[in-house]
Each structure stands twice: as C-alpha cells, then as structure tokens.
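All remarks here apply to the structure that follows.
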Amino acid sequence: MLSARRTAAALSTAAPGRTLLPGEGSFSEPPLLAPDLPGPSSRAAGVPRIAAAFALPLLVILVLALVALESSRPSFLVAGSLSAGLPAWMRGPLGEVLPRFRLGPSALQDLSSWLLIAIFACYLVAARWATRLRPSWTLAAIAAAASIVALGPPFDSHDVFNYINYGHMAAVDHLNPYSTIPLHGPHAGLSYALSDWRGLLSPYGPLLTQLTEPLATLGVATALWALKLLDVAAYFVMLALVWRCAKLLGRSPTTAVAFVGLNPLALVWALGGVHYDVLVMALVVGGVYLCLSARAAPIGDAMRRQLFAGAAFAFAVALKAPALLFVPIVALRARSRRFLFGLGTAGAGLAAVSVASFGLHGPALGKQDNLISTHAPADVVGYLLGLGGETHGMHLALSVLLVVALLGCCAWTWRSPDDWLTAAGTLTLVFVTTLSWTVPWYVLWVLPFAALGSRRLRWATLATSACFLILFAPAEPRLAARIGLNPYSTQIGQAAGRAVAAFGG
C-alpha cells in the first residue's frame, strides 16, 4: 500500500478531471520521446502535424511497394520461392493486381533495403507526432499496412512452413516432432519441401504444434492462410490491449499503438513473416492489461482478473518458452496468490495435455540456442573486437549477463513496483540483444513494454530497432563485404553456417 505522502504525490500528477489509479503517479512524463513544445509561431507549430499527416499515407504506400516487390517473382524475399516457385496461393491476392518488377538480385536487395529504411523513417515521424492527428487516422494507417502485409507472401522466413511441417508430422505421419527430426520422416508433402528445420527437433512450444495439427491436414495453402488470419487477428488484439493499457496508465493511447504497430520489425518481419510471436505477445499484453485493470476493479472482479492474468502467461509459455522470462517480474508486481494459482493451474493443465500428446519431450531450445546467427549483435560485436565472432567465452559471459539482468530487474520491481513495465522491457531488451540466435522480429517482444514504460527504454528500443534493421537488411551482406566487414568468412562464421546447414538438412 502506498504511503500517504506517495499517494498525495500520485494524485498531484493527475490530469484535470481524472484521478489516477494507485501506483500511477510516475506517469506524468510525455508519451513518447520528448515533450511536444509549441513552436515560435503557429506556422512552426503546424509542421509536426503536416509531417505526421504525410508520413502515415507514405508508410502505407511504401509497404504496398514492398509487397509488390515480394509478389513480382521468386526471390530471397519470399522463403521457399526460389526452390518451389511462387504459386498464386503463396503470392496472395495482391500479387495478382500489383505491378510486376523485373529486377536482378542486387537491384532487388538494394531497393527492398531502401524501402525498409524509408518505412522506418516514416514510422519515427508518425509515432513521434501521433498526438497531432486524429486517432482514427493513425488507426486506419495501421489497419491498412497490416492488411497489406498479411495479404502478401510470407516475408523472409521459412518459419511458417516449419510450423505446418511439424504439425503435419504429428497429425498425418503420426511422428513425435519433439523426438523425431523431419529428415527421419517420410518426406511427404509440400510442407517438408518448404521447411528449413529438417534436421532439428521442433523448437516450438507444444501448444503451437497442437494448433497446427488440424490445419496441416487441410493442406499447406489452407494452413498458411489460416495462420495468416490468426496472426493478423492477434496483431489487432495486441494493439487494442496496448491502447487500453495506455489509457489506464494515463498515456497517449494513439502514440503507444503507433509505437508498436507501425514499427517495420513488427509489421513487416513479424506479421508479414507469419510468426507466432504475434500470438504470444497478444497473450502477454493481455496478461499485463488484466494485472493493470485489477488494481481499480472491485475485489471479486480483481481476483478473477489476476487469475486470468496468470492463465494468459501460462498459455504464452506453452506457445513459446521464452515467455517465461516475464513471469517473475509480473508475479512480483502482482503479489497475488490468485495470479500464481492461475499460472500454476493453467500451466499444469497445459503440461498434462502436452505429456499426453508428446510424452516427456519438450522443445529443442538448447540445440537452437547453440546456433550462432552471423547477423546477431553479439556475433557482430565479437567480430569487431577481433575475435572472429561470438566465441564460447562471449556466449558464456552473455548468459551470465542475462542472469544478472533478470535478478537486477526482479530487485528493481520489488523496490519500485511502479516501474515494473520498464523493468520487464529492459530485461527483454537484454535478452533479445544477447541471444546467439536472434532474428529481427524478436524486437516485437520489447515494443509493448517500451510503449508503456519509460522514455529511456523507448530510446533504447528505437536504437535496437535501427540496429536490427541494418543488420538484417537484404543488402547487408553485400554492403558489409564492400566496406571490409565479413563475419561470414571467419572460422566462427563458417562453423556457424555449417551448423545451420546441418539442422536445415
């Protein structure tokens, strides 16, 4: 319970006509990066509004251009298209109406990279001055951009076909994807041809496999578009929950939603790539919202919300094990037996279903964690330090750093419970940037917490987004080689490539 002095301080920061909930006193800072100070003249004051009004439709047009590039012909932009072609069911309905571009590989790398950079620039402007526009304009731009990428082909990753293939193994081939690698299966079906984790036991949560089992029996095309529909629905649910959380915290909901929903790493890579991280984060943000709203609810309703919050995190962990990272901080902030009861009860039920379906076998996270992505920040730092990449010593040191960050953020939450969202976002940012095998859409895990947390966390998240955008841009390998940076050529880089190729079959 807050002291009388602290409660008075909290109430003193409330906006006129609104009483803050207990624990909201620290949220008087501006909604995004810096205060919107009035300019010296009405003309100068109107510049941000004009810039934001221009950035939103431009962002949508640029996203449409990127999808047009994807849909033009088989290329590295669409996973599996170079070997299986780009059939109409993979290209999507927009591919039939958008213009076709005939570009060589180098030109396609350059143009797609510049488009992603331009989308990111528009995102920065739109998120910075979202409060200068009507909320409906920002929401319409997000809806349009998200719908366009969802209607295009899967962007830059085989993962969605891996989901389908592991489900196909369980439902059609009657093989356990957590004890049998796809290479040892019958190799039947298009999902196997389009997948790239053929020599790896499933690294995905059992709940995802159970979700994809019935879809896999319907064929790859139907399964792909069903997962696309689920992903875009989860994206909009996640953003709606971010909106409601921002309102509870006295933040600008428009700015918070723009900060999350227009980021190209979330929009293009996570949603466009049909990654189930979107579904995981919808559950995580749902748990956060239930915890926040429980504070102002009647006792009975508050207890139910805490119970369901724990269950939401249990489902998120069953989909993807790293969601467990959030649980200690949320539990310390909730300080509720109901939260732990909901977490434990739902977790036990999900574990029982998993054991009944797949035995005592779990996701192959250890094997995937030992892989090194030559695009990962840790590997690039090791290369720049003259180590040739991420060495075993670096990997161990970064693992220790993550444990220290976990303990530090838990202590931070215990001492300053009002900062729990910033603590959770900081821990997630450390996790994403220290992973040996990291990918651009993992930034999505940080975005909601940054949107609802401190300004420093938002700056750090934007810097990380820019770093990932550069490291994973299609033209990055060619540009890096041109300036003399080639982490792929070192012994560590070559060993990492061989390890990935081995798991790819």
Charge sum, other residues only, whose C-beta stays under 11 Å from Thr413's C-beta, Lys/Arg counted +1 and Asp/Glu -1: +1
Counting only protein heavy atoms and using a 1.4 Å probe, what share of the accessible area of the chain belongs to carbon plus sulfur, as a whole percent? 68
How much accessible area per residue does the range 51-129 have, counting only protein heavy atoms and a probe of 1.4 Å, in square angstrom? 41
In deg cm²/dmol and to the nearest 500, what is the mean residue ellipticity at 222 nm of the chain if only DSSP H runs of at least 4 residues count, each as -39500 (n - 2.57), divided by the residue total? -20000 deg cm²/dmol
For a test of the definition: using alpha carbon positions, the gyration tensor, and the 1.5 limit on a/c, classify the range 161-257 as rounded, prolate or oblate. prolate
Cα atoms only, the chain: Rg and Dmax in Å? 22.9, 71
Please tell me the relative contact order of the chain in percent, rounded to the nearest whole number, where contacts are Cα pairs under 8 Å and at least six residues apart. 16
Could you do me a favour and compute the accessible area per residue for the range 305-392, 1.4 Å probe, result in Å²? 46
Rounded to the nearest 20 debye, what is the charge dipole size of the chain about its Cα centre when +1 sits on each Lys and Arg Cβ and -1 on each Asp and Glu Cβ? 1440
The Cα radius of gyration of the range 120-189, divided by 2.2 N^0.38 Å with N its residue count, comes to 1.84
Here, the range 38-188 modelled as identical Cα point scatterers in vacuum has Debye log10 I(q)/I(0) at q = 0.15, 0.18, 0.22 Å⁻¹ of -0.87, -1.03, -1.26
Rg ratio (alpha-carbon, reference 2.2 N^0.38 Å) - the range 410-505: 1.36
So what is the orientation-averaged projected area of the range 207-273, using the convex hull of its C-alpha atoms, in nm²? 5.2
In the neighborhood of Tyr166, defined by Cβ-to-Cβ distances under 15 Å, what is the net charge if each Lys or Arg adds +1 and each Asp or Glu adds -1? -1
Given 182-193, 398-409, 261-272, 301-312, the highest-first ranking by average Cβ count within 10 Å works out to 261-272, 301-312, 182-193, 398-409
Counting only residues 5 or more places away or on other chains, whose amide H sits under 5 Å from the amide H of Gly205 once H atoms are built in the peptide plane? Ala321
Let a ≥ b ≥ c be the square roots of the eigenvalues of the Cα gyration tensor of the range 302-457; is it rounded (a/c under 1.5), or, if not, prolate (a/b larger than b/c) or oblate? oblate
Quick one: which residues, 5 or more positions from Val78 or on another chain, have an amide H under 5 Å from its amide H? H modelled 1.01 Å from N in the peptide plane, none for Pro or chain starts. Asp156
From the convex hull of the Cα coordinates of the range 212-347, what is the mean projected area in square nanometres? 8.8
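The values are calculated or read from the model by the stated rules, or taken from the named source; none is laboratory data. These numbers come from a predicted model, not from an experiment. A quick note on method: Cβ atoms are made from the backbone with ideal geometry, for glycine too, and the neighbour counts reach across all protein chains shown. What goes into the accessible areas is simple: the full protein's heavy atoms, side chains included, and nothing from ligands, DNA or RNA. Shrake-Rupley method; radii C 1.70, N 1.55, O 1.52, S 1.80 Å.
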